[in-house]
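So the structure is just underneath, and the comments pick up after that.
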Amino acid sequence: MYNKTIAELSAGLEAGEFSSVELTQVYLDRINSLDEQLNSFITVTPERALEQAKNADIQRAAGNAGILNGIPLAQKDIFCTKDVKTSCGSKMLDPFISPYNATTINKFNDSGAVMLGKTNMDEFAMGSSNETSWYGPVKNPWKQDAVPGGSSGGSAAAVAARLAPAATGTDTGGSIRQPASFCGITGLKPTYGRVSRYGMIAFASSLDQAGPMTRTAEDAALMLNVMAGMDPRDSTSVDEAVPDYTANLNDSIEGLKIGLPKEYFSEGLDDSVAKVIESAVKEYEKMGAVIKEISLPTSNLAVPTYYIIAPSECSSNLSRMDGVRFGHRCKDPKDLNDLYIRSRGEGFGPEVKRRILVGTYALSEGFYDAYYVKAQKTRRLIANDFNQAFDDVDVIMGPAAPSTAFNIGELTDDPITMYLSDIYTIAVNLAGLPGMSIPAGFANDMPVGLQLIGKHFAESKLLNVAHQFQKETDWHLKAPASFK
Amino acid sequence: MSRLDKSDVEKIAFLARLGVDEQDMPEYAANLSNILDMVEQLNSVDTDGVKPMAHPLDAVQRLRADEVTEVNDRENLQSHAPETAEGLYLVPRVVE
Amino acid sequence: MQWEVVIGLEIHVQLSTKSKIFSGASTAYGAEPNTQACTVDLGLPGVLPVFNGEALKKSVMFGLAVGAQINERSVFDRKNYFYPDSPKAYQISQLYYPVVGEGHIDIVLEDGSQKRIGVTRAHMEEDAGKSLHENFHKQTGIDLNRAGTPLLEIVSEPDMRSPKEAVAYMRKIHSIVRYLGISDGNMQEGSFRCDANVSLRPKGQEEFGTRAELKNINSFRFVEKAINVEIERQMDILESGGTVTQETRLYDSEKNETRSMRSKEEANDYRYFPDPDLLPIVISAEEIEAIRKTLPELPDAKCARYMEQLGLSEKDARALTVDRDMAEYYEQVQQAVDDAKMAANWLLGEVSAMNNKNGLEFKDCPVNAVQLTGLLKRVKDNTISGKIAKEVFEAMFTGEGSGGEGDADTIIDKKGLKQITDTGAIEAIIDEVIANNPGQVAEFQSGKDKLIGFFVGQVMKASKGKANPGQVNQILMQKLRS
């Protein structure tokens, strides 16, 4: 049962083959027996899950079931969940029992979906390997010495290991797509503003976006149908009609114009990964797509631009973690500054501290123009490059990450090399575009993700292009040996 | 080359009210310097006349109607607060 | 050395919206601590601000009222600093692109001349919470009810040259925001507060001296006193060859002194940057024009109209129009009684005197316009004299009557204050007075005309003030001269 997709499980529930309670129990049992190996969950909520499943079964019996009714899901621990610990992977929020629900959580609750628990993640979503979590690293289900990627590493590992049919992730610089690539699943980062950020603990407000992490593009469409939409509580969410994302999945991609940025296939890209991507592109050619080489000349600016903008925003966003109204508070503060300095010093891990320091510096007097304003300008150049490219092509493709999953501990002493593992994903966030990673094959027995990038609000197109690939290939159906 | 030393890090850390262990200072100084060196690349591009981009979409702010929609939820909101008394959040005595 | 004082003011006006600037929590004053602080006001993880359009409208109204340029695009920035009354550790404000640009107002100086004071800018921002320094288990208590209340910060040019000018400017701004109805202007509740930048320079010197910023002054009286003591302090320093330090100082009204607030100076780097949770605030020229059409008549225009249409003196017209409540009261009474001067004299005389004596704002005057109208009509139709009218007014002021136009009549009846206009009755009293004062009659008749006052006084006294003074005069003259 746990190898089924959301679409299949939903059909099974509707046909009465099993109940949501039974289904939920299957996943709870798997988490219980297998997650010790992976550490993909921070919190598992069995009573709550079974209660929701019971209600879902009642809803279905009453004829009120939507597609996601009774489907168990895992939620990244970045989404505030009322009366449940919402830690964001940090000691700082270990004591934080959220008094309210994120909009995304409310939407899934309203759809009748069941929450299995909260998944592990890099602390405050800052990381590309899930090693910065205060709750310890997550292991890659394909090879337990390897990282699952990050920051949504727990969600990616849980879905790949069949501990949940699907999960939510968030993506600020690649945090859905890179772990999806490393774990061999499908991940979609929607257009900035497509999904509400309310109740999703902010890392970098102008870059953060939530999206689905699933095994198939079809499941991602089903999830996005629930997640997308304007939220009056989020000023940056966009008031743009939400289509049925499953409607165009089966459209033909004959004549689709695919752009391959030459900068994404140059030095730094692992040869074995390049081969997988090239054969995936050939597959598209076979399906009738037209391939064009394009150029995104400012690609090299994406990582430096990002490492000004994201830390600047995060330094301010995380200032509210001050030990006064919620979260970790140091023992016996001797004065106000002592309360702040020690609570924050004890509550945050090294990577978060590093970024707060960089951001604080970049915004400080005398440096603001040279760093922050400059980065905002290069950000526009990067966005302009994409706009220009989309004059000629429908979709841009390339690798989601320069390599397959690296080993745990391999890059922890080398922040910059770690940052470069997001080199192909970061520009998409800066431009606010939708991007996906879909399983495209294996290199050295580890999964490789193909990245698809679309125009603003072109999620339907991306899902269509991804779904057509998944009809012709079976990479997305492969399961790691120990979790089959 | 942007070389930050220990005292720079101390200053920034205080501005951010961020406790950093004495023995970790040199490492943070080195990390920060490396990151700033990487960022130096941006100076190789001419951005004269480029409008700074604060948001990915060129959208404008929606205006909320002036209505009271929130009710008193103090008990729930303070139930997990570190320290409260008589409905107030407590902090070490502040001298004005 | 002759010193010149240079003053600029930053006035914080709480905009009178029902809900907060970025959340749907109530802004009502005086609630139990933290009962009006919602998830957004508390800065909980994950929450986001959503801008209240009413704050924009009210800010634009102010801008239009001071002839300022309205910026069709303005942007919210974050001002980052750690303090317990600032729950997010940043205040959402507008540094780089404020909603209101350059404008000006005119103030009237003591000699009656006018002076133009520049308004540099006005921007929207959120208020902070309150720290309660009473001893809560040896700690400070934080109440965040006020956090997120919308403020308009109005920054003046350093155009004022004396504490009196500063007060006049502050009063004028107060008058304007009250006229516009964009703030209740309540200073006790902190809805209208002021920071003053004060510096001295040698007379004739172009360059400004080093300034000190006096924080959070919450009354017109304290502004003048605080600036005065600060001027003295700076003058002492400069005269003895020292230099003034640029710093923030707090005015202590009990000790009447200013003192340095070192805590606020500490690492003063606010790291402003555009708030990525909010988008640019855009308002079209058409929307601005639509708001302009809703502006009420403002004090300067009203004053000019009173002079021109109602024939009031500039002094009276000015005095009647400072306070919107007073002007509205005045217009109501003036229209009903149809006597601009009489209504003005009453408002600026008796009504203001009684309010002042009782420490009341005009809006809290216990006698309403309808009651006063009823009273003044009785003066006009000679039912009572002006003097008796004051007695009736005092009765109303202390709570007699039901608040209607008939109150004056009721009180006049009840107290038997109706003027005696019956010639026979007046003659009888006069005859008695003449009979009782033969000596004075003789003196009068021998040419001591001034004694007429004595006789009128005696008659009025005997009639308990009710005899019609005009009739008394006329009949007395007849009888004494015959």
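The values are calculated or read from the model by the stated rules, or taken from the named source; none is laboratory data. Every value quoted in this text rests on a predicted model; they were computed, and no experiment measured them. Reconstructed Cβ throughout: ideal geometry from the backbone, glycine too, with neighbour counts over all protein chains shown. Surface areas here come from the heavy atoms of the whole protein model, side chains and all, with no ligands, DNA or RNA. Shrake-Rupley method; radii C 1.70, N 1.55, O 1.52, S 1.80 Å.
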### Task
Report, ordered by the first and then the second residue, all pairs with beta carbons closer than 7 Å, sequence separation of six or more or different chains, a first member in the stretch A:228-239 that is more than 7 Å from chain C (Cβ to nearest Cβ), and a second member that is polar (S, T, N, Q) and open to solvent by 10 Å² or more (accessible area, probe 1.4 Å).
A:Asp231/A:Thr103
### Message
Pairs please, first residue from the stretch C:60-89 and facing chain A (nearest Cβ under 10 Å) and free of Cβ contacts under 8 Å to residues at least 60 places away in the same chain, second anywhere and of a type in the set (A, V, I, L, M) and surrounded by fewer than 21 Cβ atoms within 10 Å (Cβ to Cβ), Cβ atoms under 7 Å, 6+ apart in sequence or on different chains.
### Response
C:Pro84/B:Val94
### Query
Is one or more of the residues making up the stretch C:358-372 open to solvent by 40 Å² or more (accessible area, probe 1.4 Å), within 22 Å of C:Pro296 (Cα to Cα) and in a helix (DSSP H, G or I)?
yes
### Task
Please indicate, with yes or no, whether at least one residue in the stretch B:79-86 is facing chain A (nearest Cβ under 7 Å) and under 30 Å from C:Ser260 (Cβ atoms).
no
#### Entry: the stretch B:18-30: number of residues that are open to solvent by 20 Å² or more (accessible area, probe 1.4 Å), at the interface with chain A (Cβ under 8 Å from one of its Cβ atoms) and not acidic (Asp, Glu)
1
### Task
State yes or no: is A:Asp392 buried (at least 24 other Cβ atoms within 10 Å of the Cβ), part of a loop (DSSP other than H, G, I, E, B) and in contact with a Lys or Arg (Cβ under 8 Å, 6 or more places away or on another chain)?
no
### Message
When you check A:Arg342 against the structure, is it over 26 Å from the mean Cα position of the chain (by Cα), on the phi < 0 side of the Ramachandran plot, surrounded by 22 or more Cβ atoms within 10 Å (Cβ to Cβ) and at the interface with chain B (Cβ under 7 Å from one of its Cβ atoms), yes or no?
### Response
no
### Message
For the stretch C:330-360, give me the residue count where each residue is among the hydroxyl-bearing types (Ser, Thr, Tyr) and closer than 24 Å to C:Asp106 by Cα.
### Response
1
### Task
Report, by residue number, each residue of the stretch A:323-347 that is in a loop (DSSP other than H, G, I, E, B) and over 28 Å from A:Thr412 (Cβ atoms).
A:Val324, A:Arg325, A:Phe326, A:Arg329, A:Lys331, A:Asp332, A:Pro333, A:Lys334, A:Asp335
### Output for the stretch B:43-54, where each listed residue is buried (at least 17 other Cβ atoms within 10 Å of the Cβ) and in contact with a strand residue (DSSP E or B) (Cβ under 9 Å, 6 or more places away or on another chain)
B:Ala54
### Task
Could you please let me know if C:Gly190 is in contact (Cβ under 8 Å) with a residue 24 or more places away in the chain, in the same structural domain as C:Asp85 (by TED's automatic domain parsing) and buried (at least 20 other Cβ atoms within 10 Å of the Cβ)?
no
### Message
Need the failing condition index for A:Ser155 against (1) without any contact (Cβ under 8 Å) to a residue 60 or more places away in the chain; (2) outside any loop (DSSP other than H, G, I, E, B), just the number.
### Response
(1)
### Message
Checking the condition farther than 28 Å from C:Ala389 by Cβ and open to solvent by 80 Å² or more (accessible area, probe 1.4 Å), which residue from C:Lys448, C:Lys414, C:Lys418, C:Lys464 passes?
### Response
C:Lys448
### Message
Being away from chain C (no Cβ under 14 Å), touching a helix residue (DSSP H, G or I) at 6+ places or on another chain (Cβ under 9 Å) and assigned to a loop (DSSP other than H, G, I, E, B): is that true of A:Gly268 here?
### Response
yes
#### Entry: Subset of the stretch A:348-367 (residues that are facing chain C (nearest Cβ under 10 Å) and assigned to a helix (DSSP H, G or I))
A:Gly359, A:Thr360, A:Tyr361, A:Ala362, A:Leu363
### Task
Give the residues of the stretch C:225-250 that are hydrophobic (A, V, I, L, M, F, W, C) and under 18 Å from C:Pro202 (Cβ atoms), sorted by residue number.
C:Ile231, C:Met235, C:Ile237, C:Leu238, C:Val244
### Task
Could you tell me whether any residue of the stretch C:280-291 is in contact with a strand residue (DSSP E or B) (Cβ under 9 Å, 6 or more places away or on another chain), within 14 Å of chain A (Cβ to nearest Cβ) and open to solvent by less than 40 Å² (accessible area, probe 1.4 Å)?
yes
### Task
Kindly provide the set of residues from the stretch A:424-463 that are crowded, with 24+ Cβ neighbours inside 10 Å, out of contact with any His (no Cβ under 7 Å at 6 or more places or on another chain), away from chain B (no Cβ under 14 Å) and not aliphatic (A, V, I, L, M), ordered by number.
A:Tyr424, A:Thr425, A:Ser437, A:Pro447, A:Gly449, A:Gln451, A:Glu459
